[in-house]
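Take a look at the structure set out below.
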Amino acid sequence: MTDELYEKGMLRLHWAEMHTPVLQQIRERFRKEKPLKGLKVAMALHTEAKTGILAITLAEAGAEIRLASCNPLSTDDSVALALRKGYNLDVHAKKGESQEEYYKNLNAVLDMGPDYIIDDGADLIAMVHTTRRELLPNIKGANEETTTGIVRLRAMANDGKLEFPVMAVNDAKMKFLFDNRYGTGQSAFDGWMNATNLMVSGKHLVVAGYGWCGKGVAMRAKGLGASVIVTEVDPVRAIEAKMDGFEVMPMIDAVKIADIIMTVTGCKDIIRKEHFQVMKDGCIMGNVGHFDNEINKKDLSSLSKKVTRVREFVDEYDLGDKRLFLIGEGRLMNLAAGQGHPAEIMDMSFAVQALSLEYLVKNHKDMKNGVYTVPNSIDVTIAEHKLKAMGVRIDSLSDEQRSYITGWQEGT
Ligand code: ADE
């Protein structure tokens with residue numbers, strides 16, 4: 001079984017390798033130049049195949065790596081084993097960690113005394129500012145992968161509590177425009193299909209939140225034939241959703257007609273007691289936000305007479321007068337029940353990670369404590385590589401056109 005699991009992990013890594021051309025190009029350069037030589041990098045990302053390729057890339061750049069998962073349910077055990085056995089990497093992750101095991105693994109990663117952190121959700125960064133403060137003097141900087149993490153870190157920076165520079169990888173164009181929208185749009189349904197083996201077409205599907213991730217989920221739900229309803233608290237985003245062709249209404253009204261609900265907000269208690277009480281029998285709920293607090297499981301349990309696992313990643317809550325279903329324990333269903341974003345997407349996101357880390361290593365001495373935007377030159381470099389890999393050519397400006405659009409003297 002262990003051999004089979006190892007082989008499966010190696011195959012998944014090789015497949016991811018084959019479909020991440022931009023990262024492979026960076027890997028090739030890093031292997032020669034060794035920009036991370038002698039540095040310790042603590043990583044908390046979803047431990048699956050694409051993450052594995054990033055970890056291998058950083059190790060080949062000369063770094064000592066330790067990797068844990070940033071979610072108790074998002075580890076692909078086959079990949080974790082292949083990284084340990086096939087690549088000799090220090091991986092502290094397994095699928096289905098208890099809360100205690102989750103923090104034990106994050107602490108094990110931090111025990112290396114990192115120079116840099118690569119985080120997804122900001123748990124490692126929060127820990128070195130609270131329970132593991134002894135590590136702060138050695139830390140030169142960090143990268144943060146996701147919207148939720150950036151929100152947390154900006155709050156820390158605003159309170160004057162952030163004690164090193166952090167690159168907002170999420171906010172790079174080559175990350176959020178593709179990963180958040182097309183990545184989440186596809187992987188949410190990878191999780192849905194794997195968890196339920198049920199139709200989307202012909203159903204009322206409620207998307208909570210119309211940020212970049214919510215936009216992707218709504219777009220793909222529409223493409224799969226669902227009648228899509230969006231709920232929002234932001235008036236501008238609500239108009240965007242309406243003009244994109246979706247129904248918009250308050251959650252309390254939406255849940256009454258929902259067959260499927262997907263939360264994608266980054267906020268807590270989006271679905272709570274008052275909503276469960278008026279839902280239809282058979283409604284299936286899943287979360288695609290970073291933390292498992294968008295669907296209030298305490299409220300759901302308190303209303304239920306019995307909870308039964310009815311499929312590998314689906315729990316049935318029996319409320320007496322109706323049954324409600326929850327995918328992946330309310331943890332992000334695209335990784336708890338699916339395999340995460342497609343490799344072609346993570347190719348761009350993890351290229352931003354690799355180049356942002358290189359940037360931090362080169363520039364950290366001149367950077368103040370705070371959250372930094374990834375330089376536009378990194379976005380452009382990655383976009384150019386990606387276009388080439390996709391076999392797409394584009395036009396370029398003539399000198400005359402360039403002086404026209406950068407000048408002010410010439411009108412029509
Ligand atoms: N695979 C690795 N990291 C991921 C992320 N943040 N979202 C989706 N899939 C991923």
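The values are calculated or read from the model by the stated rules, or taken from the named source; none is laboratory data. On a predicted model such as this, the values are computed, not experimentally measured, just so you know. Cβ coordinates were reconstructed from backbone atoms using ideal geometry, including for glycine residues, and neighbour counts include every protein chain displayed.
In the stretch 274-304, which residues are of a type outside the set (S, T, N, Q), part of a loop (DSSP other than H, G, I, E, B) and over 19 Å from residue 99 (Cα atoms)? Explain how you work it out, then say what you get.
Our first condition is that a residue be of a type outside the set (S, T, N, Q); within the stretch 274-304, this holds for 274-276, 278-286, 288-292, 294-295, 297-300, 303.
Imposing the further condition that a residue be part of a loop (DSSP other than H, G, I, E, B) reduces the set to 279-283, 288-292, 294.
279, 280, 281, 282, 283, 288 - these are the residues of the stretch 274-304 that are of a type outside the set (S, T, N, Q), part of a loop (DSSP other than H, G, I, E, B) and over 19 Å from residue 99 (Cα atoms).
Would you please name the residue that is surrounded by the fewest Cβ atoms within 10 Å (Cβ to Cβ), looking only at residues in the stretch 245-292 that are in contact (Cβ under 8 Å) with a residue 24 or more places away in the chain and on the phi > 0 side of the Ramachandran plot?
Residues of the stretch 245-292 that are in contact (Cβ under 8 Å) with a residue 24 or more places away in the chain, as a first pass: 246, 251-252, 254-273, 275-292.
This time we only want the ones that are on the phi > 0 side of the Ramachandran plot, so: 266, 269, 282.
On the way: 266: 21, 269: 14, 282: 12.
Out of the qualifying residues, it is 282.
Out of all the residues in the stretch 147-161, is one or more modelled with pLDDT of 95 or more, more than 16 Å from the ligand (Cβ to nearest atom), in a loop (DSSP other than H, G, I, E, B) and not acidic (Asp, Glu)?
Yes; the residues of the stretch 147-161 include at least one that is modelled with pLDDT of 95 or more, more than 16 Å from the ligand (Cβ to nearest atom), in a loop (DSSP other than H, G, I, E, B) and not acidic (Asp, Glu).
Could you pull out the residue among 176, 164 that is within 23 Å of residue 358 (Cβ to Cβ) and more than 21 Å from the chain's Cα centre (by Cα)? Full working, then the answer.
Details: 176 fails: more than 21 Å from the chain's Cα centre (by Cα).
Just a single option satisfies the conditions, and that option is 164.
Taking residue 5 as meeting all but one of (1) more than 26 Å from residue 106 (Cβ to Cβ); (2) hydrophobic (A, V, I, L, M, F, W, C); (3) surrounded by 13 or more Cβ atoms within 10 Å (Cβ to Cβ), write down the number of the exception.
Unmet condition: (1).
Return the residues of the stretch 293-316 that are surrounded by 11 or more Cβ atoms within 10 Å (Cβ to Cβ), in contact (Cβ under 8 Å) with a residue 40 or more places away in the chain and under 20 Å from residue 193 (Cα atoms); say none if nothing qualifies.
Correct list: 311, 313, 314.
Mind checking whether some residue in the stretch 124-132 is surrounded by 24 or more Cβ atoms within 10 Å (Cβ to Cβ), within 14 Å of the chain's Cα centre (by Cα) and of a type outside the set (Ser, Thr, Tyr)?
Among the residues of the stretch 124-132, not one is surrounded by 24 or more Cβ atoms within 10 Å (Cβ to Cβ), within 14 Å of the chain's Cα centre (by Cα) and of a type outside the set (Ser, Thr, Tyr), which makes the answer no.
Just checking, how many residues over the stretch 251-273 are in contact with a Cys (Cβ under 8 Å, 6 or more places away or on another chain) and not in a loop (DSSP other than H, G, I, E, B)? Break it down into steps so the answer makes sense when it comes.
Initially, the stretch 251-273 is screened for residues in contact with a Cys (Cβ under 8 Å, 6 or more places away or on another chain), giving 255, 258-261, 264.
Subset that is not in a loop (DSSP other than H, G, I, E, B): 255, 260-261.
Count: 3.
Looking only at the stretch 280-303, how many residues end up being of a type in the set (Gly, Ala, Ser), in contact with a helix residue (DSSP H, G or I) (Cβ under 9 Å, 6 or more places away or on another chain) and more than 16 Å from the ligand (Cβ to nearest atom)? Steps first, answer last, please.
As a first pass, look at the stretch 280-303 and keep what is of a type in the set (Gly, Ala, Ser): 282, 286, 289, 301-302.
Filter again for in contact with a helix residue (DSSP H, G or I) (Cβ under 9 Å, 6 or more places away or on another chain), leaving 286, 289, 302.
Applying the additional criterion that residues be more than 16 Å from the ligand (Cβ to nearest atom) yields 302.
Counting residues in the stretch 280-303 that are of a type in the set (Gly, Ala, Ser), in contact with a helix residue (DSSP H, G or I) (Cβ under 9 Å, 6 or more places away or on another chain) and more than 16 Å from the ligand (Cβ to nearest atom) gives 1.
Name the residues in the stretch 198-211 that are free of Cβ contacts under 8 Å to residues at least 40 places away in the same chain and either closer than 19 Å to residue 328 by Cα or surrounded by 17 or more Cβ atoms within 10 Å (Cβ to Cβ) (or both), would you? Break it down stepwise before answering.
Of the stretch 198-211, the ones free of Cβ contacts under 8 Å to residues at least 40 places away in the same chain are 199, 201-202, 210.
Matches in the stretch 198-211: 199, 210.
Quick one: which of 188, 195 is within 21 Å of residue 340 (Cβ to Cβ) and away from the ligand (no atom under 14 Å from the Cβ)?
Working: 188 fails: away from the ligand (no atom under 14 Å from the Cβ).
None of the other options fit; the residue is 195.
Residue by residue through the stretch 167-177, note down the ones that are in a helix (DSSP H, G or I) and surrounded by 23 or more Cβ atoms within 10 Å (Cβ to Cβ). Walk me through how you get there before you give the answer.
Just the residues of the stretch 167-177 that are in a helix (DSSP H, G or I), to begin with: 169-171, 173-177.
169, 170, 174, 175, listed by residue number.
Just for helices (runs of 4 or more DSSP H) wholly inside the stretch 32-117: which have at least 2 residues that are in contact (Cβ under 8 Å) with a residue 40 or more places away in the chain, within 15 Å of the ligand (Cβ to nearest atom) and of a type in the set (A, V, I, L, M, F, W, C)?
On the way: elements: 49-60, 77-87, 99-110.
Of the helices (runs of 4 or more DSSP H) lying wholly inside the stretch 32-117, those with at least 2 residues that are in contact (Cβ under 8 Å) with a residue 40 or more places away in the chain, within 15 Å of the ligand (Cβ to nearest atom) and of a type in the set (A, V, I, L, M, F, W, C) span 49-60, 77-87.
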